[in-house]
């Protein structure tokens, strides 16, 4: 009897020790899973994965950032936003994520909304007294074509990573680069909401954390101090020599300049803005032509509007090139490499080209009957360049980007094609040396559907309702009979 009791005690002790060991192992596994865990993204478009650009920005965050998601779960962007923010929080211990459902926690949501000045659903990034707010309406693109037939809008692209990385970069930088848009020469208006205005571009610039002002350059001896970038967007009038001298002095001091120069017709010739000859001094050749490309027309638009998908090797166009993403241009002129300036120190890179079938039409008196001849600029035709002007040792080099079209940045084409917005944002960010934001495209959402025939549906029903439950019952009966024996 004593031997049986001792044997039972040993058996019970061994069993208890095994249970304790298993519990200890589970606790260790859970601890390391909580502290060092790996998340996987199985979506084809990698909608929940952070790009290398975003990870670079997260490494620059050296102070705590509170991330508050104020959004009800029934919003169509809730799930991708929640998942993506968890990716950010997992990638940096500096980010502290808080999810607040305004429907379930109305009092808390109202308190946070007052604290951060939020009036609609969105995401708040706050650090100390500084904060950035991303509205829910900025997070996705939708297809509303089926609304008239009673269908819900379909999400076509999720833009959360662009917005969240931009907000974090703003907080880490602590200041906004200052951009001046010139006025007084017929340039596009920043507050103009018409198809030819730049109000959409202004939203893009603001989202990337720039301080924007207009600048009437006529009569000003120099570009204002602490200006990080000057933009000339579609001038139709001439810049006077003193204005061009001020721009030259600005570049000599390491300034940055973006020029969007259209071919503005005046009778049978193009308006001379003064920038054509000025750009030639920096190795840029501005064509007195209008570019056509029969190989890349755009349906439902005029023949002057075409898409461009051939890019040069440069950080501005890297994401567009690797993704095969076309941009739209309208009524463009050639803008390419010219004669290098004396003394060197200037590097010109062509950014985008037409197809080999395109050309620059120089016979502007007969645009109703455009034909290619020996006087035209042969394709592929360059439509934009990036210029880097090396300064003396230790000084910051000047940078300039020039496009032979401003229409790619106006409301009509920016709204029609998200790639145009990417090209504009990439040019601005390269000019002010913020390469970490170059090329974070919107992620295409996946619409996963399973289509089954009537026979396949019957097979699934038989398996789910009859076969699998029947096997479970049979297994139970078998085990019961075995135990009774």
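Numbers below:
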quantity	calculated
Global size of the chain as Cα Rg and Dmax, reported in angstrom	30.6, 118
Cα coordinate range in the range 176-437, projected on the principal axes (Å, largest first)	49, 38, 34
The range 159-227 and the range 65-125: distance between their alpha carbon centers, rounded to Å	28 Å
Sequence of 69, 422 once ranked by neighbouring C-beta atoms within 10 Å, starting from the fewest	69, 422
Tilt relative to the chain, helix 241-252 - C-alpha long axis, 0 to 90 degrees, to 10	40 degrees
Contact order relative to length of the chain, as percent, for alpha carbon pairs under 8 angstrom and 6 or more apart	13 percent
Bridge type composition, the chain - antiparallel percent by DSSP, nearest 5	65 percent
Crossing angle, helix 468-484 versus the chain [Cα axis fit, 0-90 degrees, rounded to tens]	30 degrees
For the range 52-164, radius of gyration divided by Kirkwood radius, i.e. Rg to Rh on alpha-carbons	1.00
Folded to 0 to 90 degrees: helix 2-35 orientation relative to the chain principal axis, Cα	10 degrees
Theoretical ellipticity at 222 nm over the chain - DSSP helices of four or more residues, -39500 (n - 2.57) apiece, nearest 500	-10500 deg cm²/dmol
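None of the figures in this text is laboratory data; all of them are computed from the coordinates on show. These numbers come from a predicted model, not from an experiment. Cβ: placed from backbone, ideal geometry, glycine included. Neighbour counts: every protein chain shown.
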